[in-house]
Amino acid sequence: MSTAQTQQQSQPSAKVQLPKQQGERKGFTNQEIQAIEADRKEPEKWNVVHLLRDGNYWHANEWSAWLVAVVITSQMKRLHPDMEIVPPTAVKKFAKNIGGEYIFVGFQEKSFDKYLPKELVLDWRDVEDGRIDVPIQMPDDHGELTYERLQAAYQKWKSEQPLSKEKDKKESTNGDRQGRGGAMGDTPGHILAIVGRIMSLPLHRTSPIDAHKFLEEIQRELLAHL
């Protein structure tokens, strides 16, 4: 393993803290997001989740979405084989203003510990208003990590995700802030993510107590958006 990769595998610090943002920026354009996510060729950028604020939610897009939904989830399943680890729901849509498909996962700040667990987070970096960079622990049991291998894995995962039928309702060709509507008409992306969590809950393996707690959590999230 290279020196850069060895640095990436350093153990998370117990002193890592989430930065408190007080800014007003509520979203990024599709073009800005693609530019941020395209900057991945240096080894020190392979493991960085770029969190971008979109209203009351934070989104991880493209490569960052893959890190959260696949890399973190697979590691947590190995670390906790007896736990039910459910990744956030990925939403893939087509946007005319970038001439292609984009993919993201979204969740509220209160769910950071769930989808960005402390045991895999190396740092929280307050980059700018509405953006936090989160380098994570990468797996060390898959041989040598290279940009080409990681890029291929990310692209394969993205290609396998279903494309939402509804187009992005708020997209524009002049670079206005992106809208993250869901697959059901004008349903916002965060509501679609909640629906995905409900659909992915393994009821046959969920105890009544856990199911009750899950329902309470879903109710709180829905009430927050009424």
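The values are calculated or read from the model by the stated rules, or taken from the named source; none is laboratory data. What you are looking at is a predicted structure, and each value in this text was computed from that prediction instead of being measured. When we count neighbours, we look across all protein chains shown, and the Cβ atoms used for this are built from the backbone with ideal geometry, even at glycine. In case anyone asks, the SASA skips ligands and DNA or RNA and just uses the protein heavy atoms, side chains included. Shrake-Rupley method; radii C 1.70, N 1.55, O 1.52, S 1.80 Å.
In the stretch 40-87, how many are assigned to a loop (DSSP other than H, G, I, E, B) and open to solvent by less than 10 Å² (accessible area, probe 1.4 Å)?
The total comes to 3.
Just one of the numbered conditions (1) modelled with pLDDT under 95; (2) within 19 Å of the chain's Cα centre (by Cα); (3) surrounded by 16 or more Cβ atoms within 10 Å (Cβ to Cβ) is not true of GLN5; which one?
Exception for GLN5: condition (2).
How many of the residues making up the stretch 98-124 are polar (S, T, N, Q) and assigned to a helix (DSSP H, G or I)?
So the answer is 1.
Which one of the conditions (1) buried (at least 19 other Cβ atoms within 10 Å of the Cβ); (2) within 20 Å of LEU79 (Cβ to Cβ); (3) at pLDDT below 70 does GLN137 fail to meet, given that it meets all the rest?
(3)
Is there a residue being under 20 Å from SER164 (Cα atoms), part of a helix (DSSP H, G or I) and open to solvent by less than 30 Å² (accessible area, probe 1.4 Å) anywhere in the stretch 24-38?
Yes, the stretch 24-38 contains a residue that is under 20 Å from SER164 (Cα atoms), part of a helix (DSSP H, G or I) and open to solvent by less than 30 Å² (accessible area, probe 1.4 Å).
Yes/no per residue for (1) under 17 Å from the mean Cα position of the chain (by Cα); (2) in contact (Cβ under 8 Å) with a residue 12 or more places away in the chain:
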position: HIS59; (1), (2): yes, yes
position: GLU62; (1), (2): yes, yes
position: ALA65; (1), (2): yes, yes
position: GLN75; (1), (2): yes, yes
position: LEU79; (1), (2): no, yes
position: MET83; (1), (2): no, no
position: TYR102; (1), (2): yes, yes
position: ASP129; (1), (2): no, yes
